[in-house]
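Peer 1: Here it is, the structure, as structure tokens.
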Amino acid sequence: MERSTLNLWVGVFVLLGFFAFLMLAFKVGNLSDGGGTSTYTVISHFDNIGQLKERAPVRSSGVLVGRVKSVRFDPVHYNAEVTLAIDGRYLFPKDTSASVLTSGILGEQYVGLDAGGDDQKLKQGDEIKITQGAVVLERLISQFMFNKAQDSGSDKGNKK
Amino acid sequence: MAQNALIRGLQQVGDHALKIVERMGAVMIFLGLILVHSANSFRRFGLTIREVYFAGVQSLIIILVSGLFVGMVLGLQGYETLQNYGSEQSVGILVALSLVRELGPVVAALLFASRAGSAITAEIGLMKATEQLSAMEMMAINPIARVVAPRFWGGVISMPLLAMLFSAMGIVGGFLVAVVLIGVDAGAFWSQMQSAVDFRHDIVNGIIKSLVFGVAISAIATFEGYEAPPTAEGVSGATTRTVVSSSLAILALDLVLTAFMLKGWN
Amino acid sequence: MTLPVTNLVEISNLNFGYSSRLVLKGINLTVPKGSLVAIMGLSGCGKTTLLRLIGGQLRAHDGTVTVAGQCLNHMNSKDLYALRRRMGMLFQFGALFTDLSVYNNVAYQMHEHTRLPESVIHDLTLMKLNAVGLRGAQALMPSELSGGMARRVALARATALDPELILYDEPFAGLDPISLGVIGQLIRRLNDASGATSVIVTHDVQESLKIVDYVYFVSEGVIVAQGTPEQIRSSTLPFVHQFIWGEADGPMPFHYPAPKMKDDLDLRSA
């Protein structure tokens, strides 16, 4: 095999591999949407985060704007402290509220941000004060049952 | 009698276990030796390029075709299962994550071990059997620096490239089946995939895996060739051992690496 | 080395064995500078081992092997490689690099060890190939060569850097009579032309007796006879006589040691 043809083929091979890498990084992976750009982190406290995990998406109006960076238990407030890494391109007002939501009925959980009306914007290290924890299905059901029982109890006396 | 047979059986198991550990140690020492004698492979990079051709370029067809088929099967199976839950648009996530995290590195490595690893072993083994390695030593040329190290680095360079090509090709295959053939929405296919596949945690980890597999396969293949008994049976046995032990090594390493990557490194 | 060395290779009181089996026992051997010495013996008598000890591929533990005034026993690999640059070796079946052309095989050491310009390497290589009569075959691959041609290319490669000591491992094995004569003449001519010293390990008596200066006979790890070709030819030692004239039975028995025939064949009544 001529050395030059050999080098040519190896060059083609390496180039193909590089294109595969680019495709994986930008077309398949999330490097195009913020994977490479800078982020700022804000913290928020939730009573209950349900099944929220690290790297869960942070969405606003359904658009991916960041990811959950870490989840830990706050021993002072006795609730969950969630750190969010938000894409530097998106700035949110200071009075933005965060809630733990579920995509679909049984889908993955994510953090939803609803922008407020404040002029001041959230900065690195700020806290989102208004939060809404995850809806726990058991509580929802028991509440529903309780209400139902109360309704029927008031109608038909003390029948359980 | 039965007791004796049992003891003998246990002895054999122990014997084998010891031999396996011994061989693993020998491969490690050999790997160290290669690293010590690697300067030549980079100073005269042409030597390594040649081996990238034989290990990488010549494995290209099998890797691309297998990747396409694996991706198509994933697309088909994924669609069948996911449509039961009404989330057939997530088929892109399933295809991409399985390929990038696991199947790309692992299947490409298994194919590479049987295609290129066995060829490396057979070539070095034959060079040894025909005294070409001894001839080199008598010419005051270290065969590890001149023959083994370039082949090792050729394999290490080729493996991640092949794994990425396998994954990319598989995703194209999944796209063909799910979007073109079945009619899943193309936009949903890609956007769901993008929102689920993380560059650092999925793609970079997959590349790290394939790099580790590349080191393991190349070290085993060159070791088996270099240590092969200089006979026809010796070389054929060494070739078989390369495929068997590197396949096992790939799967075992994959478990360890996956566990670390999911739990975090510390 | 300060004194002029008259013996390029000196081996004294050498014992050598693989694991427990002793292959060489009490070998004393000298190769004077500029001479062509043959080590002869039956297959498996330890003569290839002896050659590997001289080339430093095996190390002696009992006794000494000295080449060009340097003891090989505990030499580190750097010094050994430096010494090997002054050696050439022809392997039994040539051991040509199968992935390189004839030209590149011969030019190999020049490419690896020297920084000569390509034009100089080209000329030197063609001269070496011309000396073995294969200048026209420079573009062929080793797989396209006959056994005799491959051996000649290997000879050109072994002498490419004009070594002081050339080792030949069975240079005549498996050659037709014509190639055999050609190789024999080449070995003698290359030795004399470059003033090198040669050691030939062989079991081909007639051909080597024609060309060598001195012969050592090895049998079962011991040197049983030595002398010039004339002395060897006229030797009355039964072993040498059997070896030279190729007799089937003699001190070297035809039969491998075995139990008595009648025991083996179970002829109890016979």
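Peer 1: Go through C:Asp162, C:Asp79 for me and flag whichever is part of a loop (DSSP other than H, G, I, E, B) and acidic (Asp, Glu). Walk me through how you get there before you give the answer.
Peer 2: Working: C:Asp79 fails: part of a loop (DSSP other than H, G, I, E, B).
Unique residue meeting the criteria: C:Asp162.
Peer 1: Would you mention how many residues in segment A:31-69 are over 20 Å from A:Phe92 (Cα atoms), modelled with pLDDT of 85 or more and surrounded by fewer than 16 Cβ atoms within 10 Å (Cβ to Cβ)?
Peer 2: So the count comes out to 2.
Peer 1: Could you please let me know if C:Arg52 is at pLDDT 85 or above and of a type outside the set (A, V, I, L, M)? Let's see the steps before the verdict.
Peer 2: On the way: at pLDDT 85 or above: yes; of a type outside the set (A, V, I, L, M): yes.
Criteria met by C:Arg52.
Peer 1: A further question on this structure: Which of the residues spanning segment C:80-107 are facing another protein chain (nearest Cβ under 8 Å), among the polar types (S, T, N, Q) and farther than 26 Å from C:Lys33 by Cβ?
Peer 2: Matches in segment C:80-107: C:Thr98 only.
Peer 1: Also, quick follow-up: Is it fair to say B:Ile141 is touching a helix residue (DSSP H, G or I) at 6+ places or on another chain (Cβ under 9 Å) and either of a type in the set (Asp, Glu) or assigned to a loop (DSSP other than H, G, I, E, B) (or both)?
Peer 2: Numbers: touching a helix residue (DSSP H, G or I) at 6+ places or on another chain (Cβ under 9 Å): yes; either of a type in the set (Asp, Glu) or assigned to a loop (DSSP other than H, G, I, E, B) (or both): yes.
Answer is yes for this residue.
Peer 1: Looking only at segment C:95-105, how many residues end up being within 19 Å of C:Met127 (Cα to Cα) and part of a loop (DSSP other than H, G, I, E, B)?
Peer 2: Going residue by residue through segment C:95-105, those that are within 19 Å of C:Met127 (Cα to Cα) are C:96, C:100-105.
With part of a loop (DSSP other than H, G, I, E, B) added as a condition, the list becomes C:96, C:100-101.
Qualifying residue count, segment C:95-105: 3.
Peer 1: May I pose another question? In contact with a Phe, Trp or Tyr (Cβ under 6 Å, 6 or more places away or on another chain), surrounded by 15 or more Cβ atoms within 10 Å (Cβ to Cβ), of a type outside the set (S, T, N, Q) and at negative phi: does that describe B:Ile250?
Peer 2: Details: in contact with a Phe, Trp or Tyr (Cβ under 6 Å, 6 or more places away or on another chain): yes; surrounded by 15 or more Cβ atoms within 10 Å (Cβ to Cβ): yes; of a type outside the set (S, T, N, Q): yes; at negative phi: yes.
The answer is yes for B:Ile250.
Peer 1: Out of the residues in segment B:139-160 that are small (Gly, Ala, Ser) and surrounded by fewer than 24 Cβ atoms within 10 Å (Cβ to Cβ), state the one that is nearest to the other protein chains (Cβ to nearest Cβ).
Peer 2: In the first step, residues of segment B:139-160 are kept if they are small (Gly, Ala, Ser); the result is B:140, B:145, B:149, B:154-155, B:158.
From what is left, the residues that are surrounded by fewer than 24 Cβ atoms within 10 Å (Cβ to Cβ) are B:140, B:145.
On the way: B:Ala140: 4, B:Ala145: 10 Å.
Only one residue fits best here, namely B:Ala140.
Peer 1: What are the pairs, 6+ residues apart or on separate chains, where a residue within segment C:225-248 that is part of a helix (DSSP H, G or I) has its Cβ under 7 Å from a residue that is open to solvent by 80 Å² or more (accessible area, probe 1.4 Å)?
Peer 2: The qualifying pairs are C:Ile244/C:Arg233.
Peer 1: Scanning for something outside any helix (DSSP H, G or I), open to solvent by 100 Å² or more (accessible area, probe 1.4 Å), within 14 Å of chain B (Cβ to nearest Cβ) and within 30 Å of A:Leu31 (Cα to Cα), does segment A:87-98 turn up at least one residue? Walk me through how you get there before you give the answer.
Peer 2: Residues of segment A:87-98 outside any helix (DSSP H, G or I): A:87-98.
Adding the requirement that they be open to solvent by 100 Å² or more (accessible area, probe 1.4 Å) leaves A:89, A:91.
Then drop every residue that is not within 14 Å of chain B (Cβ to nearest Cβ), which leaves none.
No, segment A:87-98 has no match at all.
Peer 1: If I ask for residues that are surrounded by 11 or more Cβ atoms within 10 Å (Cβ to Cβ) and either without any contact (Cβ under 8 Å) to a residue 24 or more places away in the chain or aromatic (Phe, Trp, Tyr) (or both), which ones from segment B:13-27 would you list?
Peer 2: B:Ile20, B:Met24
Peer 1: Turning to a different aspect of this structure: Could you check segment C:16-51 and list, in sequence order, the residues that are touching a Ser or Thr at 6+ places or on another chain (Cβ under 8 Å), open to solvent by less than 10 Å² (accessible area, probe 1.4 Å) and closer than 15 Å to C:Ile166 by Cα?
Peer 2: C:Val31, C:Leu36, C:Val37, C:Ala38, C:Ile39
Peer 1: Residue by residue through segment C:108-127, note down the ones that are within 8 Å of another protein chain (Cβ to nearest Cβ) and crowded, with 19+ Cβ neighbours inside 10 Å. If you could, list the steps in order and put the result at the bottom.
Peer 2: In the first step, residues of segment C:108-127 are kept if they are within 8 Å of another protein chain (Cβ to nearest Cβ); the result is C:108-109, C:112-113.
C:Tyr108, C:Gln109 - these are the residues of segment C:108-127 that are within 8 Å of another protein chain (Cβ to nearest Cβ) and crowded, with 19+ Cβ neighbours inside 10 Å.
Peer 1: Among the residues of segment C:173-196, write down those that are open to solvent by less than 10 Å² (accessible area, probe 1.4 Å) and not in a helix (DSSP H, G or I). Break it down stepwise before answering.
Peer 2: So the first thing to find is which residues in segment C:173-196 are open to solvent by less than 10 Å² (accessible area, probe 1.4 Å), and the list is C:183-184, C:186-187, C:191, C:196.
C:Ala196, the sole residue that qualifies.
Peer 1: Continuing with this model, one more query. Return yes or no: is B:Val70 over 19 Å from B:Ile120 (Cβ atoms), modelled with pLDDT of 90 or more, surrounded by fewer than 17 Cβ atoms within 10 Å (Cβ to Cβ) and of a type in the set (Val, Ile, Thr)? Before the answer, list the steps.
Peer 2: On the way: over 19 Å from B:Ile120 (Cβ atoms): yes; modelled with pLDDT of 90 or more: yes; surrounded by fewer than 17 Cβ atoms within 10 Å (Cβ to Cβ): no; of a type in the set (Val, Ile, Thr): yes.
No, not satisfied.
Peer 1: Scan segment B:81-90 and tell me whether some residue there is under 18 Å from B:Phe189 (Cβ atoms), touching a residue at least 40 places away in the same chain (Cβ under 8 Å), out of contact with any Leu (no Cβ under 7 Å at 6 or more places or on another chain) and open to solvent by 40 Å² or more (accessible area, probe 1.4 Å).
Peer 2: Yes, segment B:81-90 contains at least one residue that is under 18 Å from B:Phe189 (Cβ atoms), touching a residue at least 40 places away in the same chain (Cβ under 8 Å), out of contact with any Leu (no Cβ under 7 Å at 6 or more places or on another chain) and open to solvent by 40 Å² or more (accessible area, probe 1.4 Å).
Peer 1: Something else now. With the structure loaded, tell me whether A:Leu84 is crowded, with 19+ Cβ neighbours inside 10 Å and either not in a loop (DSSP other than H, G, I, E, B) or not assigned by TED's automatic domain parsing to the domain that holds A:Asn48 (or both) or whether it fails that test. Can you show your working first?
Peer 2: Numbers: crowded, with 19+ Cβ neighbours inside 10 Å: yes; either not in a loop (DSSP other than H, G, I, E, B) or not assigned by TED's automatic domain parsing to the domain that holds A:Asn48 (or both): yes.
Here the answer is yes, as A:Leu84 does meet what is asked.
Peer 1: Using the structure shown, decide if B:Phe199 is farther than 30 Å from B:Phe30 by Cβ, aromatic (Phe, Trp, Tyr) and out of contact with any Cys (no Cβ under 6 Å at 6 or more places or on another chain). Working first, answer last.
Peer 2: Details: farther than 30 Å from B:Phe30 by Cβ: yes; aromatic (Phe, Trp, Tyr): yes; out of contact with any Cys (no Cβ under 6 Å at 6 or more places or on another chain): yes.
Yes: the conditions hold for B:Phe199.
Peer 1: Turning to a different aspect of this structure: Using the structure shown, decide if B:Val179 is assigned to a helix (DSSP H, G or I), more than 25 Å from the chain's Cα centre (by Cα) and at negative phi. Before you say what the answer is, go through the steps one by one.
Peer 2: Details: assigned to a helix (DSSP H, G or I): yes; more than 25 Å from the chain's Cα centre (by Cα): yes; at negative phi: yes.
So B:Val179 fits the description; yes.
Peer 1: Give the number of residues within segment C:52-70 that are part of a helix (DSSP H, G or I) and closer than 18 Å to C:Ala196 by Cβ.
Peer 2: Residues flagged as part of a helix (DSSP H, G or I) and closer than 18 Å to C:Ala196 by Cβ within segment C:52-70 amount to 1.
Peer 1: Right, here's the next one. What number of residues within segment A:1-17 satisfy the criterion of being within 8 Å of another protein chain (Cβ to nearest Cβ), assigned to a helix (DSSP H, G or I) and not small (Gly, Ala, Ser)?
Peer 2: Here is the first cut: in segment A:1-17, the ones within 8 Å of another protein chain (Cβ to nearest Cβ) are A:1, A:3, A:6-7, A:9-10, A:12-14, A:16-17.
Cutting the leftovers down to assigned to a helix (DSSP H, G or I) gives us A:3, A:6-7, A:9-10, A:12-14, A:16-17.
From what's left, not small (Gly, Ala, Ser): A:3, A:6-7, A:9-10, A:12-14, A:16.
Residues that pass the stated criteria total 9.
Peer 1: Hey, another quick one. Would it be correct to say that B:Ala232 is in contact (Cβ under 8 Å) with a residue 12 or more places away in the chain, open to solvent by 60 Å² or more (accessible area, probe 1.4 Å) and more than 23 Å from B:Leu262 (Cα to Cα)?
Peer 2: Judged against the criteria, B:Ala232 is a match.
Peer 1: Would you tally the residues in segment B:92-138 being surrounded by 24 or more Cβ atoms within 10 Å (Cβ to Cβ), more than 12 Å from chain C (Cβ to nearest Cβ) and over 30 Å from B:Met261 (Cα atoms)?
Peer 2: 3
The values are calculated or read from the model by the stated rules, or taken from the named source; none is laboratory data. Please read all numbers here as calculations on a predicted model, not as lab measurements. Every residue, glycine as well, gets a Cβ built from its backbone with ideal geometry; the counts of neighbours run over all protein chains shown. Accessible surface areas use protein heavy atoms only, side chains included; no ligands, DNA or RNA. Shrake-Rupley method; radii C 1.70, N 1.55, O 1.52, S 1.80 Å.
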